[in-house]
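Here the structure is laid out as structure tokens; the discussion comes afterwards.
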Amino acid sequence: MPVDELQQAGAAGRLPRRRGHRRLPVFLILPAGLGLTFLVLPLVALLLRTPWRELPQHLAEPAILAALRLSLLTASLATVFCILLGVPLAWLLARVEFPGRRLARALITVPLVLPPVVGGVALLLLFGRRGLIGSWLDETFGFTLPFTTAGVVVAEAFVAMPFLVIAVEGALRGADTRYEEAAATLGAGRWTTFRRVTLPLVAPGIAAGAVLCWARALGEFGATITFAGNFPGRTQTMPLAVYLALETDLEAAIVLSLILLVVSVTILVSLRDRWISSP
Amino acid sequence: MGSRGIRAALAGLALAAAVSVTACGGGQAPAGSGGVSGEVTVFAAASLTEAFTKIGKDFEAAHPGTKVTFNFAGSSALATQITQGAPADVFAAASPATVKTVVDAGDAAGTPVVFVRNQLVIAVPKGNPKGIATLGNLSRDDLKVAVCAEQVPCGAAAKKALDAAGVEVTPVTLEQDVKAALSKVKLGEVDAALVYRTDAKAAAADVDGVEFPESAGAINDYPVVALKDAPNKAGAEAFLAYLQSSPAKAVLTAAGFQTP
């Protein structure tokens with residue numbers, strides 16, 4: 001793949017077609033290989049310890065299926081929530097000059113830096129029964145978010161949204177604004193321009209951001225267990241089930257994480273194939 | 001003059017420490033600081049945090065030249081770390097089952113000794129606004145209750161107590177450790193949680209602990225053991241001996257533990 005790109009770039013005249021243009025540069029290949037190994041080896045260690053025979057037996061457990069279903073449902077809902085709010089936010093940051101934009105951009109990374117458990121506590125202080133907004137919700141509607149499935153979605157969205165915003169903002173800044181200007185001179189309103197020109201332009205960026213966001217939401221543990229608690233069928237997602245299995249049974253925990261891994265990779269790959277096969 | 005005063009005070013303290021070490025003897029009293037030095041690494045259950053932090057300081061004072069480093073976490077997580085080769089000298093757990101996994105893996109040196117026991121109480125917000133008086137109250141519909149998950153020691157003890165009392169509780173959450181259950185009470189998200197007496201005591205500024213008789217049927221033993229691959233074997237032995245001394249027992253009792 002890198003070779004192809006090099007050749008294309010070379011053919012386009014951007015690279016001098018001198019000596020060794022086909023040879024792979026060692027100073028890039030070596031760290032790249034090490035990087036790949038570093039990311040893959042822990043997974044290999046996990047696979048080597050997996051008790052494969054127990055896999056079907058765990059897959060048939062209703063508690064595991066419930067946790068898996070809840071994980072997929074909440075991560076998907078959190079991703080939809082993040083897209084609905086995060087894409088406009090990314091657009092604002094990339095396209096509109098306003099005072100405090102730098103600060104806003106820095107604040108968006110807070111959930112990335114904050115230990116998720118602290119994020120969970122912060123959410124409790126906001127949405128909890130005694131929280132800033134939560135106390136009002138409780139008194140007015142008798143509704144509280146903690147310990148509910150909606151609470152899981154909120155915790156996951158809080159932690160995962162920065163991934164989407166940063167990816168989409170990057171795509172927007174990289175996109176050529178002349179298309180939008182052309183649309184505007186041809187009489188398109190701002191909403192039409194956004195919908196018909198900007199969105200299609202940055203669609204790959206949104207897709208990449210959504211995948212990152214979904215993956216992060218799926219693996220979320222700290223904020224979820226702190227804010228939404230742990231109750232089977234209601235707030236116990238796969239990472240929580242894995243953590244508690246780890247308390248008593250290492251092998252079971254490995255099997256559970258593997259199930260989550262296989263399911264998520266399968267979904268991502270099948271989605272990618274669909275997108276790539278229809279260019 | 002000021003510095004001389006400080007020096008005199010320090011000398012007095014050192015003397016007092018030396019006297020207390022030699023005086024509160026018994027057979028298992030730590031034998032001075034003879035041969036013990038360096039870092040002693042203690043892996044201890046989260047519920048021991050307050051008491052062990054104090055005991056660690058006392059131990060360092062009694063054995064000049066030593067430094068006690070703690071790793072506080074859930075007992076099972078600590079057991080996993082030890083069996084996976086984490087360098088530790090002493091393991092103090094909140095349940096015999098977790099120590100057993102370390103012993104079974106061949107990582108323990110000697111036999112585990114139960115050094116304290118802990119009992120459950122009902123932690124409620126300060127002033128007990130919902131008027132919870134018995135374990136049976138926890139099944140009330142108007143209450144949100146947090147209990148530890150069965151996989152961790154405090155959850156196993158809670159299940160035992162509830163089963164023995166024949167009380168059906170539907171908790172809103174099964175927490176991953178006792179401190180997490182307690183913090184849900186502190187934050188006001190639940191009306192009650194089953195926690196150890198020591199945890200309720202450590203958080204006495206925010207919560208009250210309601211004692212209940214059924215907790216006697218679910219007492220948790222805390223075993224401690226030196227580890228086979230201890231980097232500081234002498235330090236491990238000295239720390240185990242110090243745990244049996246009366247100053248250490250006084251700290252543990254003050255924290256709400258029962259000493260056997």
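Give me the percent relative contact order of chain B, please, defined on Cα pairs under 8 angstrom at least 6 residues apart.
28
Between A:Arg69 and A:Thr177, with labels modelled 7 Å along Cα→Cβ, what's the label distance in nm to one decimal, could you check?
4.9
With +1 assigned to the C-beta of every Lys and Arg and -1 to the C-beta of every Asp and Glu, and no other charges, what is the dipole magnitude of the protein assembly as shown about the Cα centre in debye, to the nearest 20?
For the protein assembly as shown, the charge dipole is close to 2000 debye.
In 10 Å bins starting at 0, how do the alpha-carbon pair distances of the range A:20-140 split up by percent?
9, 15, 27, 26, 17, 5, 1, 0
Below 8 Å between Cα atoms, with a sequence gap of 6+, how large is the relative contact order for chain A in percent?
Across chain A, relative contact order equals 27 percent.
Over the range B:120-218, consider all pairs of different Cα atoms and compute the Kirkwood hydrodynamic radius from their mean reciprocal separation; express it in Å, one decimal.
Averaging 1/r across every pair of different Cα atoms and inverting gives 12.7 Å.
Roughly how many Å is it from the Cα centre of the range A:83-130 to that of the range B:164-181, as a whole number?
Cα centres, the range A:83-130 to the range B:164-181: 33 Å.
By count of other Cβ within 10 Å, fewest leading, how are B:Lys126, B:Lys184, B:Lys179 ordered? Walk me through the numbers before you get to the answer.
On the way: B:Lys126 13, B:Lys184 27, B:Lys179 21.
Fewest-to-most Cβ neighbours within 10 Å comes out as B:Lys126, B:Lys179, B:Lys184.
If you rank B:Ser47, A:Ser71, A:Ser135 by fewest surrounding Cβ atoms within 10 Å, what's the result?
A:Ser135, A:Ser71, B:Ser47
Just to verify a number: FRET efficiency for A:Ile133 and A:Leu112, C-beta to C-beta distance, R0 = 25 Å, to 0.05?
The computed FRET efficiency comes out at 0.65.
What does the average come to when, for each residue of peptide A:119-132, you count the partner chain Cβ atoms lying within 10 Å of its Cβ?
Per-residue shielding by partner chains comes out at 2.
Rg and Dmax of chain B over Cα atoms: what are they, in angstrom?
Final numbers for Rg and Dmax: 20.1, 68 Å.
Would you mind computing the Rg to Rh ratio of the range B:29-179 from its alpha-carbon coordinates, Kirkwood style for Rh?
Here Rg/Rh amounts to 1.06.
Under the Kirkwood approximation applied to all pairs of distinct alpha-carbon atoms, what is the hydrodynamic radius of the range A:126-245 in Å?
16.8
At 37 °C and 0.692 mPa s, what whole-number value in µm²/s does Stokes-Einstein give for the translational diffusion of the protein assembly as shown, with Rh from the Kirkwood sum over Cα pairs?
120
Could you tell me which of A:Gly33, A:Pro51, A:Pro116 has its Cα farthest along the dipole of the protein assembly as shown towards the positive end, charges placed at Cβ (Lys, Arg +1; Asp, Glu -1), taken about the Cα centre?
Highest projection toward the positive end goes to A:Gly33.
Which whole number in µm²/s is D for chain A by Stokes-Einstein, with the Kirkwood Rh taken over Cα pairs at 4 °C and 1.567 mPa s?
This corresponds to a translational diffusion coefficient of 59 µm²/s.
Of B:Asp141, B:Asp177, B:Asp208, how do they rank once you tally other Cβ atoms within 10 Å and put the fewest first?
Taking fewest neighbouring Cβ atoms as first place, the list is B:Asp141, B:Asp208, B:Asp177.
Could you tell me which residue out of B:Gly155, B:Thr173, B:Gly188 lies farthest along the dipole of the range B:141-231 toward its positive end? Charges go on the beta carbon: Lys and Arg +1, Asp and Glu -1, centred on the Cα centre.
My answer, from the dipole projection, is B:Gly155.
Using only Cα positions of the range B:80-131, each an equal point scatterer, no hydration layer, compute I(q)/I(0) via Debye at q = 0.31 Å⁻¹ and quote the log10 values to two decimals.
-1.33
Hey, if you put +1 on the Cβ of every Lys and Arg and -1 on every Asp and Glu Cβ in chain A, which of A:Val165, A:Val202, A:Thr149 ends up farthest toward the positive end of that dipole?
A:Val202
With contacts defined as alpha carbon pairs under 8 Å and 6 or more residues apart, what's the relative contact order of the range B:120-218 in percent?
After rounding, I find 46 percent.
Could you pull out which residues in the range A:117-153 have an amide N less than 13 Å from a spot 7 Å beyond the Cα of B:Ala205, following the Cα-Cβ vector?
none
Summing -39500 (n - 2.57) over the DSSP H runs of n ≥ 4 in the protein assembly as shown and dividing by its residue number, what mean residue ellipticity at 222 nm do you reach, to the nearest 500 deg cm²/dmol?
Estimated from H runs of four or more residues: -18000 deg cm²/dmol.
For chain A, list the DSSP H helices whose alpha carbon atoms reach 18 Å or more along the long axis and whose average Kyte-Doolittle value is 0.5 or above?
Qualifying helices, which must be both long enough and hydrophobic enough, are A:26-48, A:62-95, A:149-174, A:199-219, A:250-276.
Values in this text are rule-based calculations from the coordinates and carry no lab data. None of the values given here were measured: they were computed from a predicted structure. Positions of Cβ are backbone-derived with ideal geometry, glycine not excepted, and every protein chain shown enters the neighbour counts.
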